[in-house]
Amino acid sequence: MDACGGCGLTIVGGETACQALFDAFRLRETAELAPSYASTRLTVDVYCLQHPDRYCVSAKSLAAHLTGLAWAIERGGSDAGLRALQRWLNGRVDITKPQVPGFRGTVTIGDLRDVNDRGSYLLAVDGWARSTWDAYAPLHATARLWIDLAIRQP
C-alpha cells in the first residue's frame, strides 16, 4: 500500500490511484448522486484542497477552491455566490498565496467510494468538506476576506 502525497489516503498506487478513485467517483456523482451544481463544485473544491501541490499552485487557484469551500460551509453555497466568486477570479486579482496546511483532514475520497444513494452522498460530502475546512482553519480569515472582496465587486 502507498500513501497519497496529497490527502494521505492509503491505496495501492498512491496519488495516481487516488486521482483515479476521484475520477470514477465524479462520474457516478454527476450521473447518479448529485442534486446540484453546488454539490459537485464542493466535491471538486475539497479534492483540490486536499491535493494542493497539483490543484492549488497559484494564489488564484487556491482562492477558487478555498472560497468555494468556505462559501458552502459558512454561507449556504448558493449558485449566485459561486458565480460572484468566479467573476471575481476571472478578473485581475491582487492576492498573495498563503501557505497551505500540511494536514488536510481525516476524511478522504476513499471514504466516499462506496456511497450509493443521494442521502448517503450528501452526508458523506458534507463530512468530507467539514473535515477539510477544519484542517484549513489557519486560512479561514483569508477565505472570508476573499469572499467579501468577491461579493462587493460590481
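Read the figures in this text as sums done on the coordinates, not as results from a lab. On a predicted model such as this, the values are computed, not experimentally measured, just so you know. Note: ideal-geometry Cβ built from the backbone for every residue, glycine included; neighbour counts use all protein chains shown.
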Study note, to complete from the structure: If unit charges are put on Cβ atoms (+1 for Lys and Arg, -1 for Asp and Glu) and the dipole of the chain is taken about its Cα centre, the option from Cys4, Ile151, Ala135 lying farthest towards the positive end turns out to be Ile151
Check your understanding: Can you give the extra length, in nm with one decimal, that the chain gains between Leu145 and Asp126 once fully stretched, where that is 0.36 nm per residue apart less the Cα-Cα distance?
Key -> 4.6 nm
**Study point:** Tensor-based shape of the stretch 75-154 (alpha-carbon gyration tensor, a/c under 1.5 rounded, otherwise prolate or oblate)
**Key:** oblate
Review point. In what sequence, highest mean first, do 140-148, 106-114, 44-52 appear when ranked by Cβ atoms within 10 angstrom?
Key: 44-52, 106-114, 140-148
Practice item. Any chance you could give the angle, 0 to 90 degrees and rounded to 10, that helix 140-152 forms with the longest Cα principal axis of the chain? Key: 50 degrees
Revision key, fill the gap. Rounded to the nearest 10, the angle in degrees between the Cα long axis of helix 37-50 and the longest principal axis of the Cα atoms of the chain comes to 80 degrees
Review point. Could you give the angle, 0 to 90 degrees to the nearest 10, between helix 59-75's Cα long axis and the longest principal axis of the Cα atoms of the chain?
Key: 80 degrees
Review point. Taking amide hydrogens as modeled 1.01 Å from N in the peptide plane, which residues meet the under 5 Å criterion relative to Asp2, leaving out close sequence neighbours?
Key: Ile11, Val12, Gly13, Gly14
Exercise for review: Name the most mobile residue of Ser78, Ser131, Ser58, meaning the one with the largest mean-square fluctuation, in a Gaussian network model of the chain with Cα contacts below 10 Å.
Suggested key: Ser78
**Study point:** Karplus 3J(HN,Hα) series, Hz, for the stretch 7-19 with 6.51 cos²θ - 1.76 cosθ + 1.60 (x for Gly, Pro)
**Key:** 9, x, 4, 8, 7, 4, x, x, 4, 5, 5, 4, 4
**Study point:** Solitary cysteines of the chain, where the nearest other Cys Cβ is not under 4.7 Å
**Key:** Cys7, Cys48, Cys56
Check your understanding: Mind listing which trypsin sites (Lys or Arg not before Pro) in the stretch 56-93 are in a DSSP loop and have 10 or fewer other Cβ atoms within 10 Å?
Key -> Arg92
Exercise for review: Give me the orientation-averaged projected area of the Cα convex hull of the stretch 2-152, in nm², one decimal.
Suggested key: 8.3 nm²
Point to revise | Sorted by Cβ density within 10 Å, fewest first, the residues Cys4, Cys18 | key: Cys4, Cys18
Exercise for review: With a point put 7 Å past each Cα toward its Cβ, work out how far Glu32 is from Asp111 in nm, to one decimal.
Suggested key: 2.1 nm
Practice item. State to the nearest 20 debye the size of the charge dipole of the stretch 2-152 about its Cα centre, where the only charges are +1 on K and R beta carbons and -1 on D and E beta carbons. Key: 600 debye
Review point. Along the charge dipole of the chain, Cβ charges K/R +1 and D/E -1, which of Pro98, Tyr47, Ala31 sits furthest on the positive end?
Key: Pro98
